[in-house]
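Contents: one structure, followed by commentary.
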Amino acid sequence: MRANKLFICLTSLLLVACVNQPLSVEPPMPSLSEMAVTEGHNTNKAVQPPDVVLAAMNRNYNENQNNCLERGSNLPRGHYYCSGVLVRTVNDGAFDPWMSSPNAIAIGATSYAWMRKDVRNTRLYHPAGFILRNKAEAIAGNLPGLETGFICLYPFDAGTATDQTHQGCGRRALRVSFPTNNPRHNNSAYAWGSCETSGIITVAQWDAHFESVAQNRGRQCSWNVDSQAGWTAMIASHAKYTTHTSVWNEIMLNNPADNGAGLPKYIAAFFYDVSLPAGKLIAQTFQRKLNAAGYVVPILKLSFLAPDASRFAYDPADQVVPQ
């Protein structure tokens, strides 16, 4: 009898203990926004707020500063140092868009284009790409800014290839030796142009040469990228030859030893041409890839039909990585 009472008591205690245990509940499914955050690895912080980036790009596009001076040395640098918007357009693929392409590796340098309101091109090579912040903007924002590795400048896309010497900056019709520069400013070891080496130092001489080769863009000579006179000539020639004005210019940037792996810290934004339907999806892919590399930058819209003051625009709906 005593044993039966003990059994009943123990059974009652066990039942009470079971009743008081919390029910096993499945964790709630994350919201779509939470899933997007996890998928996008957005523990990364935006390099700059998108409105700040947008304002900087439109300001630089409309900047008319032609006397860029290097911080520290106060020596003259090319217009890219303190004005305009330096871009590289890239096709989407199984690679990071900032890495040097096989063709660029073969040449030894990568092609960029420089946009400003006084260069009236209306198209670029690909529908989307990225923007490198200029050095002056980087200094003002206390951010990384690329100031070395820039070599030469063409008024129009030159179709640079491996049949040109000097990392795509040499003339196909005239092979000349690469001069050894005496270091002066931070980019002196790279800056070089086939125009100056060939005795072409004025816009009139450049135009005469261009006409002598039947305006063949592949036969242009290149200006030293840090020659302010060369930049002024580039702008003038680009405006003069109206059959080519819609075409972008071309700047050659030396491939670094890591073939671009260190470039993400210099990227200010991605962009796409609103007139080309594939551009937005490509830019979104690029934004995800850069986020995976640890950086968050906005996607901007580029419209060649928009007023100069608002050539670039920002749309929150375009962003696939939270800003």
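Values in this text are rule-based calculations from the coordinates and carry no lab data. Being a predicted model, the structure only gives us computed values, none of them experimental. Glycine also receives a Cβ, built like all others from the backbone with ideal geometry; neighbour counts cover every protein chain displayed.
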### Message
Rounded to the nearest 20 debye, what is the charge dipole size of the stretch 251-323 about its Cα centre when +1 sits on each Lys and Arg Cβ and -1 on each Asp and Glu Cβ?
### Response
120
### Net lengthening on full extension, A229/S73 (0.36 nm per residue, minus Cα-Cα)
54.2 nm
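Provide the three semi-axes, in whole Å and in decreasing order, of the ellipsoid equivalent to the stretch 41-318 as defined by the square roots of 5 times the Cα gyration tensor eigenvalues.
So the equivalent ellipsoid measures 29, 20, 19 Å along its semi-axes.
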### Query
Whole-Hz Karplus ³J(HN,Hα) for the stretch 232-238, in order, using 6.51 cos²θ - 1.76 cosθ + 1.60 and θ = phi - 60°, x for Gly and Pro?
4, 5, 4, 4, 5, 5, 4
### Task
Compute the Cα gyration tensor for the stretch 53-184, then decide on rounded, prolate or oblate, letting a ≥ b ≥ c be the square roots of its eigenvalues: rounded whenever a/c is under 1.5, prolate when a/b is larger than b/c in the other cases, and oblate in all that remain.
oblate
### Task
Specify whether the C-alpha gyration tensor of the stretch 236-322 places it in the rounded, prolate or oblate class, a ≥ b ≥ c being the square roots of the eigenvalues: rounded for a/c under 1.5, otherwise prolate if a/b is larger than b/c and oblate if not.
oblate
### Query
Where the only charges are on Cβ atoms (+1 Lys, Arg; -1 Asp, Glu), what is the dipole of the stretch 41-318 about its Cα centre, to the nearest 20 debye?
40
